[in-house]
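Read-outs: derived from the displayed coordinates by stated rules, not from any lab. Remember, it's a predicted structure, so these values are computed and weren't measured experimentally. Reconstructed Cβ throughout: ideal geometry from the backbone, glycine too, with neighbour counts over all protein chains shown.
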Amino acid sequence: MSASPIAGGGTPALQNRVYSGLKWVGITMVLLRCTRFVTTAVLTWLLLPAVFDEMTLALAVVGSLGVVREFGLGQAYVQMKVRDDAHLAAAKDTAFTLTMAFNLGLFVLAWTAIPWIAEYYPKHPGLAPILRVVFLTFVLDAFANTPGYILHKDLRFRHFSATEMWAGVTNAVIAIGMALGGLEVWSLVGGFLGSRAIQAVQLFHYSGYRPRLRIDRSIASELFHFGKYMWGFAALSAVGGMFDRLVMGHAANIGKGELGMYGIASNLCLLPATQITFLVGRIAFPALSQIRDDTAELRRAFLKALNHVSVLAIPVGFGLWAVAPDLVAVCYGKNFQGIAPIVAVLAFYGMLMAVASVSGPTFQAIGKPQVLFHASLVHHAILFPLVLWLLRYGVLGVAVGIFVPLVVSSAIGFVLVARCLTLRASTLLVPIAKTLVAGGAMALCVKLLQSALGPNTKESVRLALSVAVGVAVYFAIIRLTHRDLLKEFRQTMRRTAVASEGA
């Protein structure tokens, strides 16, 4: 029997549930990515770049303040071993009570801090009223986070995928509808909050969880013991992930509309990475946690996940870099042409983030979240001063400033996971190197095609031909260099098509 590319092994029932997770999360990845891409593209034709500035900054503030929202309790709940039904119920209630307390407390603190936040960003006078609305997400998260982690622990990916998809559709309908009504930045706010609200309601519905406010001290201690490192890692990641936008919002040399364009470019390049990271983190972590005592199975699972993610993420990164000017011209219009050079840099950032995402769930599953925290310390020790120094060169300087630290921390992560799983460097690097060669060759062929077509060819025609040639070239090379991997993909697709979560 072929093992799952994520789980790598385990019981047949576990493999079946992981295949079911691949099916539903895979479907959601495609549909959600298309929905978000189309939504953003439509909004760029309806709104000016400056409209996106304050929403981009508001989301950065929300993300950075959200570092204390759960102290890693969700990840700790997913990986903890349950003794019986009573222990499980107590764990759910403890996680819910603590998470609710943290989020509601954060909402009060954030609301109180709005005047000081607005004062720090005088270039954005409309920020304060936007923050008063988007901070309501902390209230929604107070009730929705634990039901979400219940679905993850139970490997009920179909239900969680449904909440993601409906959230994407809700955002599209509300945002585009309000933009057509001339509500400008409030269309972005309405779409964001509406999507979070509908997802919160559905998470409660699908989880079947009925909350009870109580705290079991022994369980709370266990959750905090694991979660403290995950919180440290998540806190650094949250602040570091938003640091670029936070400093650009205050910088005098960042012009009107540039922050919004940077945000759109970042979302475009990181959407594949975030979806792949979601796939790996939400499926691999719960599944690997159930085979964490079998090093051989963990090693196989890690290598298969790494190879599969690399084959998917690397061509996306090279492809975005190759077609960035035409893609922006066709999909976002003339007002957003400044996005193209940013995409050319951030495409590789998103690519590396997706590939590096495989390490995190492995460390979590084997009970070593402190490794993630220590690697994150190195990452952010480089990121913070480098971004501040490169800010003088504008948005492109900032884009380079977030990419370099990711290269360093990703390398550290792979070295450490190789040690934990007793992997040889060649076993780890050769498959990635072969995929990088295939992606580079694809991008080179696309650039040669664009040069041959010349500047007089319509952007839409050039984009369509570039995508077609790029896909054909990449697939042809992969067929020669990754025969076994393609065979695994076909086997996975067959198993995925018939898998069910209830098995």
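Rounded to the nearest 20, the size of the Cβ-charge dipole of the range 49-256 about its Cα centre is 360 debye, with Lys and Arg at +1 and Asp and Glu at -1. Pairs of lysines in the range 49-256 whose Cα atoms sit within less than 16 Å of one another amount to 4, provided the residues are eight or more positions apart or on different chains. What shape does the range 29-112 take by its C-alpha gyration tensor, where a ≥ b ≥ c are the square roots of the eigenvalues and a/c under 1.5 counts as rounded, a/b above b/c as prolate, and the rest as oblate? The shape class here is oblate. The relative contact order of the range 49-256 comes to 39 percent, based on Cα pairs under 8 Å that sit 6 or more residues apart.
Cross-link partners for LYS447 among the lysines, with Cα-Cα distance under 24 Å and sequence neighbours closer than 8 places in the same chain left out: LYS334, LYS434, LYS458. Grab the beta carbon distance between ILE27 and SER451, set R0 = 41 Å, and tell me the FRET efficiency rounded to 0.05. It comes out at approximately 0.65.
Annotation for the range 129-189 versus the range 421-473: alpha-carbon center distance of 34 Å. Sorted on the mean count of surrounding Cβ atoms within 10 Å across their residues, most packed first, peptides 335-346, 447-458 read 335-346, 447-458.
Centre-to-centre separation between the Cα atoms of the range 191-208 and those of the range 305-369: 27 Å. A Förster distance of 45 Å, applied to the separation of the beta-carbon atoms of ALA86 and ALA381, puts the FRET efficiency at 0.50. When peptides 408-415, 51-58 are ranked by their average number of other Cβ atoms within 10 Å per residue, the highest-first order is 51-58, 408-415. With R₀ fixed at 51 Å, the C-beta to C-beta distance from THR422 to SER218 puts the FRET efficiency at about 0.90. Averaged over residues, the count of other Cβ atoms within 10 Å places the peptides 154-163, 350-359, 197-206 in the sequence 350-359, 154-163, 197-206, highest first.
In this label model, GLN370 and LEU486 are separated by 4.6 nm, measuring between points 7 Å along each Cα→Cβ vector. Take the Cα of HIS205, step 7 Å along the line toward its Cβ, and report every residue of the range 146-166 whose backbone nitrogen sits under 14 Å from that point. Flagged as within label range: 159-166.
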